[in-house]
Amino acid sequence: MNSLVNVGRYFDKLVKFSGNTARFAGNFVGVEPFLPDVNEISIIETIREDDFKDKVRSYMNSSDLAYNVLDMIEDWLTRVPAYHYQAYYIKNAFGPISYNPENPYGRLEIIDNLAHDLSMWDLVNYLHDEKAQFSELADLDSDKLKLDWLGTPSQLGFIISELAKKGFIKVPQRKNGKPNMASFERAILNCFDGDFGKGVVYQAINDFGSDTNKLVDSNKAKFVIPERSDLS
């Protein structure tokens, strides 16, 4: 399977031997070994990084086309194309890519192809990591899918309330159109796990809550959240 070809290992060896042209002298007839210099290695890494980011964006933008994330990942992995220099990557013994020195674009072509092979290899590793994460997530009970809150309940209440006031979060509404603060508290507690006493978060998010469960003004001033409408 193409996705299992270790392009990264080959490139690491290529970089290791890049300054040792004598090692491969006489092994090539009519062609030359591609052993990148420092500048070419930098170019390869730059193209690799940019192309990898483009591939990840493409993957993420396709998420709405799949009904199951794990199925989507498997589909992507089965569609990994053959690498440009796959024969070199799968050899047991390392050998540099050969090219015709009479071709003025020979080295440039290798640089571009190798960089794109590496970016695809990076995507494969990224997708395998995504697959592992979502597989672990599927095995977790829903009541364990919470974020650990490391601050105080009053800090959590203030931050969430500010996000609501600034237009980033919609507070649940009662039938009469007024805010349902009990539902708001339950939603928060369903998202965060922490050392919350009974009713403490409710007090923190409620305008009429006890001052003992609210931040003092000097600490409130340290959290600056803009209006959502002010952001482009």
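The values are calculated or read from the model by the stated rules, or taken from the named source; none is laboratory data. Not measured: the values here are computed from a predicted model. Here Cβ is always computed from backbone atoms with ideal geometry, including for glycine, and neighbour counts include all displayed protein chains. These accessible areas exclude ligands, DNA and RNA; they are computed on the full protein's heavy atoms, side chains included. Shrake-Rupley method; radii C 1.70, N 1.55, O 1.52, S 1.80 Å.
Failed condition for N39, given (1) of a type outside the set (A, V, I, L, M); (2) surrounded by 11 or more Cβ atoms within 10 Å (Cβ to Cβ); (3) at pLDDT 90 or above, with all others met? Of everything listed in (1) of a type outside the set (A, V, I, L, M); (2) surrounded by 11 or more Cβ atoms within 10 Å (Cβ to Cβ); (3) at pLDDT 90 or above, N39 misses just condition (2). Out of all the residues in region 149-173, which are modelled with pLDDT of 90 or more and open to solvent by 90 Å² or more (accessible area, probe 1.4 Å)? Hits for region 149-173 are L150, K165, K170. Among residues of region 103-129 that are farther than 21 Å from D75 by Cβ, those with a Cβ under 8 angstrom from a residue that is acidic (D, E) and part of a helix (DSSP H, G or I), sequence gap 6+ or separate chain, pair up as N103/E109; R107/E40; I111/E40; A115/E45; A115/D51. Within 30 Å of K131 (Cα to Cα), not small (G, A, S) and not in a helix (DSSP H, G or I), is that true of Y59? So Y59 fails the test. When region 83-103 is filtered for residues that are under 30 Å from S135 (Cα atoms) and either modelled with pLDDT under 90 or open to solvent by less than 70 Å² (accessible area, probe 1.4 Å) (or both), the ones remaining, listed by number, are Y83, Q86, Y89. Scanning region 74-94 for residues that are touching a residue at least 60 places away in the same chain (Cβ under 8 Å) and either in contact with a Gly (Cβ under 8 Å, 6 or more places away or on another chain) or not hydroxyl-bearing (S, T, Y) (or both) returns L77, V80, P81, A82, Q86, Y88, I90, F94. When region 3-36 is filtered for residues that are in a helix (DSSP H, G or I), at pLDDT 85 or above and closer than 17 Å to A87 by Cβ, the ones remaining, listed by number, are V7, G8, R9, Y10, F11, K13, L14.
Scanning region 134-148 for residues that are surrounded by fewer than 11 Cβ atoms within 10 Å (Cβ to Cβ) and not charged (D, E, K, R), we see that the one that is modelled with the lowest pLDDT is S142.
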